[in-house]
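Inspection log for the structure reproduced underneath, given as structure tokens.
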Amino acid sequence: MTTQPTDITGLSDAIDVATVRNEIERIGYMIAPNAVDTTALSAMRDFWLAEFSKPCPRAPMVWGPYLGEPNGVLYDDGPTLSLYRSFDYLWNAPFHPLTRSLALVLNLVRNELIGEENHYGELLDAERYGIYVTTSLYPCGSGWMHMHPDTALDRRHWHFILPLTFRGQDYDSGGLILKDRNGDRVDMDGLAEPGCVIFYDGTLEHGVEKIVGVESTQTGRLQMFAIPTYFDLPAANQRQIESIPGAAFLRAKLSRLKWRLIRGDTR
């Protein structure tokens with residue numbers, strides 16, 4: 001049975017939204033302490049460490065998900081990052097119910113921060129803009145991500161991160177770095193404590209320095225957040241097109257041709 005936090009509906013009440021908003025506007029980030037029950041953190045940590053210990057595909061990171069895409073996990077060790085990542089799309093059953101529940105509550109907080117209605121991101125708009133839930137593991141000895149800003153056209157691209165492991169307990173060095181509005185590098189993982197939520201402006205440069213563990217601190221860096229993105233149509237997504245078997249693609253083309261001939265459409 002999935003362990004639930006003691007009061008998931010009260011989670012957002014533990015975060016001073018006005019203060020968080022002011023700090024993001026002033027400096028680019030704020031860490032809200034004691035926002036999430038540690039029982040929930042432990043349950044999520046246990047689930048995802050077990051999940052990421054299973055064999056999974058090694059594939060390029062998904063940056064353009066498509067409508068109807070199934071949930072999954074992959075590992076990417078490429079030129080700009082190295083990590084395991086889960087993909088929990090809201091049209092599917094939850095990958096892990098507790099993780100999704102917490103992500104959606106924190107998305108409500110994010111929406112209040114950026115001045116949007118409660119379910120912004122949960123419900124796709126006309127531009128197919130929405131969120132999906134992801135948990136990432138940066139393994140000791142290899143996990144990292146290059147410095148980069150995020151963009152979403154003219155939308156306010158603020159993020160939350162829920163850390164599930166912590167420096168000094170689960171890894172020895174490395175972690176999330178953010179360049180604040182003054183251009184200073186901020187060691188975000190050095191400020192994080194169990195139960196906190198990290199809020200920051202995603203258009204500022206950020207990345208993850210290589211995760212290193214020694215002796216007992218070999219778990220790695222584990223985090224959860226909801227990624228806002230524009231979802232592709234299946235017919236326009238190259239990964240979806242390439243996954244269709246040749247025979248199925250040919251049958252679909254012939255079926256379409258058949259119905260055009262029946263209707264007398266010779267165009």
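Bear in mind these aren't lab numbers, they're just calculated from the coordinates by the rules spelled out. All figures in this text were calculated on a predicted structure; none of them were measured in a lab. Don't worry about glycine lacking a Cβ; one is built from the backbone with ideal geometry, like all the others, and counts go over all protein chains shown.
Here is the list for the stretch 41-116: chymotrypsin sites (Phe, Trp or Tyr not before Pro) lying in DSSP coil, each with at most 11 other C-beta atoms within 10 angstrom of its C-beta, are Trp63.
Each stretch of four or more DSSP H residues adds -39500 (n - 2.57); spread over every residue of the chain, this sum gives -8000 deg cm²/dmol at 222 nm. Here the simple spin-label model places points 7 Å from the Cα toward Cβ, and for Tyr230 and Glu127 these points are separated by 0.7 nm.
The base-10 log of I(q)/I(0) for the chain, evaluated at q = 0.10, 0.14, 0.15, 0.16 Å⁻¹, reads -0.54, -1.00, -1.14, -1.30 [Debye formula, identical scatterers on Cα atoms, solvent excluded].
The angle between the Cα long axis of helix 246-263 and the main principal axis of the chain comes to about 50°, on a 0 to 90 degree scale.
The Cα-based radius of gyration of the stretch 71-171, divided by its Kirkwood radius, gives an Rg/Rh of 0.98.
So what's the net charge close to Thr217: Lys and Arg +1, Asp and Glu -1, counting the other residues with Cβ under 9 Å from its Cβ? Summing Lys and Arg as +1 and Asp and Glu as -1 gives -2.
Specify the angular offset, from 0 to 90 degrees and rounded to the nearest 10, of the alpha carbon long axis of helix 38-52 from the longest principal axis of the alpha carbons in the chain. Helix 38-52 sits roughly 50 degrees off the main axis of the chain.
Each listed q (0.12, 0.20, 0.27, 0.29 Å⁻¹) maps to a log10 I(q)/I(0) for the stretch 58-121, found by the Debye formula over equal Cα scatterers with no solvent: -0.41, -0.93, -1.10, -1.14.
Electrostatic bookkeeping for Tyr129 treats Lys and Arg as +1 and Asp and Glu as -1; over the other residues with beta carbon under 15 Å from its beta carbon, the sum is -4.
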